[in-house]
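The values are calculated or read from the model by the stated rules, or taken from the named source; none is laboratory data. Model, not experiment: these values are computed from the prediction. We place every Cβ from the backbone using ideal geometry, glycine too, and count neighbours over all the protein chains shown.
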Ligand code: GLN
């Protein structure tokens with residue numbers, strides 16, 4: 001699969017297309033589209049950056065690989081002077097005064113920002129349906145969702161609105177929508193990309209990630225944003241370039257499959273995964289079936305810790321310091337209650353209640369403390385497995401994209417659909433989704449590879465080998481990024 005970024009770069013420097021024509025062509029298409037993929041479009045700024053890039057090219061100056069390339073940002077990533085809503089009424093009018101570090105880096109590279117993409121409110125959800133700004137539907141089937149919480153990011157990349165999108169992954173929110181839309185979704189190691197300017201949901205789990213049509217595109221963008229940031233204490237950055245390691249292949253690599261992730265899978269899903277495993281074997285990898293009983297702990301541990309952190313992170317939205325201010329002539333307490341009642345949607349309120357409950361006196365030891373201890377055993381289980389294998393392979397979800405309405409009606413069943421993804425966040429590991437089939441309904445399906453911390457080059461070289469061997473057969477649904 002040819003990288004979208006590299007193909008566009010060639011077209012720009014050969015002057016087959018101008019950056020301005022490319023961006024304005026995409027805005028024209030976006031205007032015809034009923035899908036609420038973007039909460040805010042940034043047309044004027046995009047065209048002005050594009051024109052500057054075109055001028056450089058016309059003057060014979062060299063340009064960088066990401067320069068003039070259209071892309072988008074999930075709307076929980078801060079953009080200086082550009083509305084950043086987190087998909088919430090609470091922040092419907094919020095204008096940040098600084099850029100997220102990842103965006104600061106891409107902006108310097110001359111990236112053309114098309115706009116801010118829709119998401120589940122504060123990243124809480126798996127279907128895009130908890131957004132205050134309407135539900136993004138699956139670009140291939142309007143009755144299905146595009147996944148979540150990075151719903152708009154996935155739909156944008158599948159629809160050809162930009163070569164890549166930055167999303168965020170606290171518990172699968174880059175990987176699951178990427179899988180539903182048949183994209184490559186990279187969730188980096190915790191600390192590889194700075195979280196500065198990512199509006200916090202659960203700080204110990206949140207990580208910025210990349211959605212793209214190909215592995216090469218994800219690698220290019222990852223290398224650009226995985227830089228140490230002095231202003232984020234958890235930022236480590238990375239020095240090795242994944243782009244250089246992309247073609248290393250799989251010879252001598254051992255891929256482990258936790259048997260627990262294969263139990264009870266629908267037949268179609270199991271078949272697609274088996275075919276992916278066969279392909280890895282054919283590429284020279286050794287496959288080993290392992291056991292990881294700790295995986296069954298991940299779901300309750302995640303929902304306890306994520307909700308606890310959310311309850312404390314979202315305390316600042318009282319309508320006084322930050323957020324929606326309701327009409328109210330009562331006391332300060334009444335005012336705050338009204339601000340928060342009006343500003344937050346049902347799912348966010350559920351998480352805040354759950355989070356405050358597990359943190360409260362009398363329940364703290366039974367829930368929060370216990371969850372912290374179990375988180376440690378999940379981390380250790382991964383560390384032990386990575387003593388034996390180079391990578392792990394798991395499903396992303398049991399099925400392809402689910403129907404609209406399912407998540408809203410079945411909160412707990414929806415939480416359960418996250419079970420293959422959240423252990424990765426609890427352990428801070430990097431993982432990538434790679435498309436590996438289409439289900440009967442025609443919708444794409446993907447598998448997930450997980451690597452040890454900071455081994456993104458191993459992860460992406462395996463994903464790249466798989467993608468090359470598949471030769472585009474799982475990527476036929478993708479729409480071209482073109483005028
Ligand atoms: N479904 C997960 C949740 O609601 C996804 C979180 C995420 O990665 N932002 O918590």
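Looking only at residues in segment 171-182 that are more than 9 Å from the ligand (Cβ to nearest atom) and outside any helix (DSSP H, G or I), the one that is farthest from residue 213 (Cα to Cα) is 181. The selection criterion, being under 17 Å from the mean Cα position of the chain (by Cα) and either within 16 Å of the ligand (Cβ to nearest atom) or within 18 Å of residue 222 (Cα to Cα) (or both), does not hold for residue 88. Per the conditions (1) surrounded by 17 or more Cβ atoms within 10 Å (Cβ to Cβ); (2) not in a helix (DSSP H, G or I), the sole criterion not satisfied by residue 335 is (2).
Please verify whether segment 144-165 includes one or more residues that are over 29 Å from residue 93 (Cα atoms) and surrounded by 24 or more Cβ atoms within 10 Å (Cβ to Cβ). Checking segment 144-165: not a single residue is over 29 Å from residue 93 (Cα atoms) and surrounded by 24 or more Cβ atoms within 10 Å (Cβ to Cβ).
Just checking, does segment 387-405 include any residue being in a helix (DSSP H, G or I) and crowded, with 17+ Cβ neighbours inside 10 Å? No, because not a single residue in segment 387-405 is in a helix (DSSP H, G or I) and crowded, with 17+ Cβ neighbours inside 10 Å.
Quick check, is residue 245 at pLDDT below 95, in contact with a helix residue (DSSP H, G or I) (Cβ under 6 Å, 6 or more places away or on another chain) and surrounded by fewer than 24 Cβ atoms within 10 Å (Cβ to Cβ)?
Values: at pLDDT below 95: yes; in contact with a helix residue (DSSP H, G or I) (Cβ under 6 Å, 6 or more places away or on another chain): yes; surrounded by fewer than 24 Cβ atoms within 10 Å (Cβ to Cβ): yes.
Yes, satisfied.
Has segment 43-51 got any residue that is on the phi < 0 side of the Ramachandran plot and part of a loop (DSSP other than H, G, I, E, B)? Looking through segment 43-51, none of the residues is on the phi < 0 side of the Ramachandran plot and part of a loop (DSSP other than H, G, I, E, B). Can you find even one residue in segment 398-418 that is within 18 Å of residue 242 (Cα to Cα) and in contact (Cβ under 8 Å) with a residue 12 or more places away in the chain? No: segment 398-418 contains no residue that is within 18 Å of residue 242 (Cα to Cα) and in contact (Cβ under 8 Å) with a residue 12 or more places away in the chain. Taking (1) more than 16 Å from the ligand (Cβ to nearest atom); (2) over 30 Å from residue 290 (Cβ atoms) in turn, residue 345 satisfies each apart from (1). Scanning segment 226-242 for residues that are assigned to a loop (DSSP other than H, G, I, E, B) and either within 16 Å of the ligand (Cβ to nearest atom) or crowded, with 24+ Cβ neighbours inside 10 Å (or both) yields a single hit, 226.
Scan segment 183-209 for residues that are away from the ligand (no atom under 14 Å from the Cβ) and either within 13 Å of the chain's Cα centre (by Cα) or outside any loop (DSSP other than H, G, I, E, B) (or both) and the total you get is 4. Against the list (1) under 23 Å from residue 351 (Cα atoms); (2) in contact (Cβ under 8 Å) with a residue 60 or more places away in the chain, the condition residue 69 fails is (1).
Cβ-Cβ distances below 7 Å connect the following pairs, each with a first residue in segment 287-305 that is touching a residue at least 60 places away in the same chain (Cβ under 8 Å) and closer than 16 Å to residue 417 by Cβ, a second residue that is more than 16 Å from the ligand (Cβ to nearest atom) and not in a helix (DSSP H, G or I), and a separation of six or more residues or different chains: 295/258.
Considering every residue within segment 473-483, establish whether at least one is buried (at least 23 other Cβ atoms within 10 Å of the Cβ), more than 16 Å from the ligand (Cβ to nearest atom) and over 18 Å from the mean Cα position of the chain (by Cα).
At the first step, the residues of segment 473-483 found to be buried (at least 23 other Cβ atoms within 10 Å of the Cβ) are 481.
Restricting the remaining residues to those that are more than 16 Å from the ligand (Cβ to nearest atom) gives 481.
This time we only want the ones that are over 18 Å from the mean Cα position of the chain (by Cα), so: 481.
Yes, because at least one residue in segment 473-483 is buried (at least 23 other Cβ atoms within 10 Å of the Cβ), more than 16 Å from the ligand (Cβ to nearest atom) and over 18 Å from the mean Cα position of the chain (by Cα).
Only one of the numbered conditions (1) surrounded by fewer than 13 Cβ atoms within 10 Å (Cβ to Cβ); (2) assigned to a helix (DSSP H, G or I) is violated by residue 329, and that is (2). Check whether at least one residue in segment 213-225 is at pLDDT below 95, surrounded by 24 or more Cβ atoms within 10 Å (Cβ to Cβ) and not in a loop (DSSP other than H, G, I, E, B), and report yes or no. Scanning segment 213-225 turns up no residue that is at pLDDT below 95, surrounded by 24 or more Cβ atoms within 10 Å (Cβ to Cβ) and not in a loop (DSSP other than H, G, I, E, B).
Tally up the residues in segment 354-364 that are assigned to a helix (DSSP H, G or I) and free of Cβ contacts under 8 Å to residues at least 40 places away in the same chain, please.
Residues of segment 354-364 that are assigned to a helix (DSSP H, G or I), as a first pass: 354-359.
From the residues that got through so far, the ones that are free of Cβ contacts under 8 Å to residues at least 40 places away in the same chain too are 357.
Of the residues in segment 354-364, 1 are assigned to a helix (DSSP H, G or I) and free of Cβ contacts under 8 Å to residues at least 40 places away in the same chain.
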